[in-house]
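**Student:** Encoded as structure tokens, here's the structure I'll be asking about.
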Ligand code: ADP
Ligand code: NA
């Protein structure tokens, strides 16, 4: 079987928010205790929506500082930015030829981001999941921690791995490069692992603080909709106080959150920050009004997030250190990625 390896990425676009932190980065930190991990700032992905950025390199450093401030250890694990390792783009090209246009057209993120004028979206936006599959599979990573919104892209990564394994099964066998793995109840053989998503928990999908039907997002024009990792204590408290709620008290059972997306979101945020379940939160706060719950939530959010903001500022001030982490991580990642690409070129006959 494949040796367990964790890979994930975050785009260098805009401020990191509580959704990124609870849905992704906090999981990165937890997984590094027992796994080898590769965490990547996916700068090439950020070109799909907007080619010209004024401060791409600065944004890349900021996300890196957030990784480090949250507790990711760049000595034990690999932290780097995608564009340093050209093998990502090379494998993405191969995967563009493995994947079918129909697969890409079905992606809900593409439909959302491209909007009505689909013909005018970049070709990169359509092919985004193919690059994402390459990011993961160029390391033959087995586990990918992400928020709920990335589920569909990870299914596509599995489809691409499976099609490559099938299309080249005799070459893979001939070269002795096949690995046996368990997929559900089946034992299959292939060059690429069928990657497992690591999604779930109370905070897999954090919603906007202003609208319980939209996910918390970097691109939401309303700054009140999200808590940024760089917000100070007073700002965090103010945004939570202003968060949309309904007039009812908190229920004492999770069932009572049905049809109350804003309430469910705040309870999920509390559970995520406290590393507990929604049910446990309701056991403590059920029957209370939102005013009291919001005060407790603000205190908890400040306690958990404010130290990260302080640490981010400290790390960001040392630009040479951050650049050194990315350079060193890029060199280590590059060696692993090249070993895979050498096999892939052999398999394909390039
Ligand atoms: P964004 O979606 O904010 O533009 P990215 O696409 O770079 O950010 O996502 C980085 C990680 O954060 C991904 O694993 C994604 O699933 C996760 N994530 C983003 N938004 C949320 C959210 N609202 N709730 C939970 N996880 C999220
Ligand atoms: Na996203």
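The values are calculated or read from the model by the stated rules, or taken from the named source; none is laboratory data. Keep in mind the model is a prediction, meaning the values are calculated, not measured. Because the Cβ atoms are built from the backbone with ideal geometry, glycine has one as well, and the counts that use them run over all protein chains shown.
**Student:** Give the number of residues within the range 110-135 that are within 15 Å of ligand 2 (Cβ to nearest atom) and within 26 Å of residue 37 (Cα to Cα).
**Tutor:** Number of matching residues: 5.
**Student:** Restricting attention to the range 141-155, does a residue exist that is within 18 Å of residue 341 (Cβ to Cβ), in contact with a helix residue (DSSP H, G or I) (Cβ under 6 Å, 6 or more places away or on another chain) and away from ligand 2 (no atom under 16 Å from the Cβ)?
**Tutor:** Within the range 141-155, not a single residue is within 18 Å of residue 341 (Cβ to Cβ), in contact with a helix residue (DSSP H, G or I) (Cβ under 6 Å, 6 or more places away or on another chain) and away from ligand 2 (no atom under 16 Å from the Cβ).
**Student:** Also: Given the options 160, 206, name the one that is more than 26 Å from residue 17 (Cβ to Cβ) and touching a helix residue (DSSP H, G or I) at 6+ places or on another chain (Cβ under 9 Å).
**Tutor:** Step by step, each of 160, 206 is checked, and only 160 is more than 26 Å from residue 17 (Cβ to Cβ) and touching a helix residue (DSSP H, G or I) at 6+ places or on another chain (Cβ under 9 Å).
**Student:** Please list, ordered by residue number, the helices (runs of 4 or more DSSP H) wholly in the range 1-99 having 2 or more residues that are modelled with pLDDT of 95 or more and within 16 Å of ligand 1 (Cβ to nearest atom). Talk me through it step by step, then tell me what you get.
**Tutor:** Working: elements: 26-31, 56-70, 87-98.
Passing ranges, in order: 26-31, 56-70.
**Student:** Also, quick follow-up: So which residues in the range 100-126 are farther than 25 Å from residue 163 by Cα, more than 14 Å from ligand 1 (Cβ to nearest atom) and part of a helix (DSSP H, G or I)?
**Tutor:** Once the filter is applied, which keeps residues that are farther than 25 Å from residue 163 by Cα, more than 14 Å from ligand 1 (Cβ to nearest atom) and part of a helix (DSSP H, G or I), the range 100-126 yields 114, 118, 119, 120.
**Student:** Take residue 234 and tell me if it is under 20 Å from residue 293 (Cβ atoms) and without any contact (Cβ under 8 Å) to a residue 24 or more places away in the chain.
**Tutor:** In short, yes.
**Student:** Residue 320: in a helix (DSSP H, G or I) and at pLDDT 95 or above, yes or no?
**Tutor:** So residue 320 passes the test.
**Student:** Now, a different point. Quick one: in the range 211-244, which of the residues that are under 17 Å from residue 267 (Cβ atoms) and assigned by TED's automatic domain parsing to the domain that holds residue 291 is surrounded by the fewest Cβ atoms within 10 Å (Cβ to Cβ)?
**Tutor:** My answer is 241.
**Student:** Follow-up. Of the numbered conditions (1) touching a helix residue (DSSP H, G or I) at 6+ places or on another chain (Cβ under 9 Å); (2) away from ligand 2 (no atom under 16 Å from the Cβ); (3) in a loop (DSSP other than H, G, I, E, B), residue 221 fails exactly one; give the number of that condition.
**Tutor:** (1)
**Student:** Does residue 162 count as in the same structural domain as residue 43 (by TED's automatic domain parsing), free of Cβ contacts under 8 Å to residues at least 60 places away in the same chain and away from ligand 2 (no atom under 12 Å from the Cβ)?
**Tutor:** Yes, satisfied.
**Student:** I'm trying to understand the selection: among the residues of the range 170-185, which are without any contact (Cβ under 8 Å) to a residue 60 or more places away in the chain and under 28 Å from the mean Cα position of the chain (by Cα)? Working first, answer last.
**Tutor:** So the first thing to find is which residues in the range 170-185 are without any contact (Cβ under 8 Å) to a residue 60 or more places away in the chain, and the list is 170, 173-174, 176, 178, 183-185.
Within the range 170-185, 183, 184, 185 meet the criteria.
**Student:** Quick check: anything in the range 173-195 assigned by TED's automatic domain parsing to the domain that holds residue 26, part of a helix (DSSP H, G or I) and exposed (fewer than 14 other Cβ atoms within 10 Å of the Cβ)? First the steps, then the outcome.
**Tutor:** At the first step, the residues of the range 173-195 found to be assigned by TED's automatic domain parsing to the domain that holds residue 26 are 173-195.
Filter again for part of a helix (DSSP H, G or I), leaving 173-174.
From what is left, the residues that are exposed (fewer than 14 other Cβ atoms within 10 Å of the Cβ) are 173-174.
Yes.
**Student:** Pick out the one residue from 250, 282, 273 that is farther than 26 Å from residue 108 by Cβ and part of a loop (DSSP other than H, G, I, E, B). Walk me through it before giving the result.
**Tutor:** Details: 282 fails: part of a loop (DSSP other than H, G, I, E, B); 273 fails: part of a loop (DSSP other than H, G, I, E, B).
The unique qualifying residue is 250.
**Student:** Scan the range 1-39 residue by residue and report those that are farther than 20 Å from residue 230 by Cα, more than 10 Å from the chain's Cα centre (by Cα) and in contact (Cβ under 8 Å) with a residue 40 or more places away in the chain.
**Tutor:** Residues satisfying the conditions are 1, 2, 3, 4, 5, 6, 31, 32, 35, 36, 37, 38.
**Student:** Still on this structure, please answer the following. Taking the range 230-268, which residues are at pLDDT below 95 and closer than 25 Å to residue 10 by Cα?
**Tutor:** Across the range 230-268, the qualifying residues are 230, 231, 232, 233.
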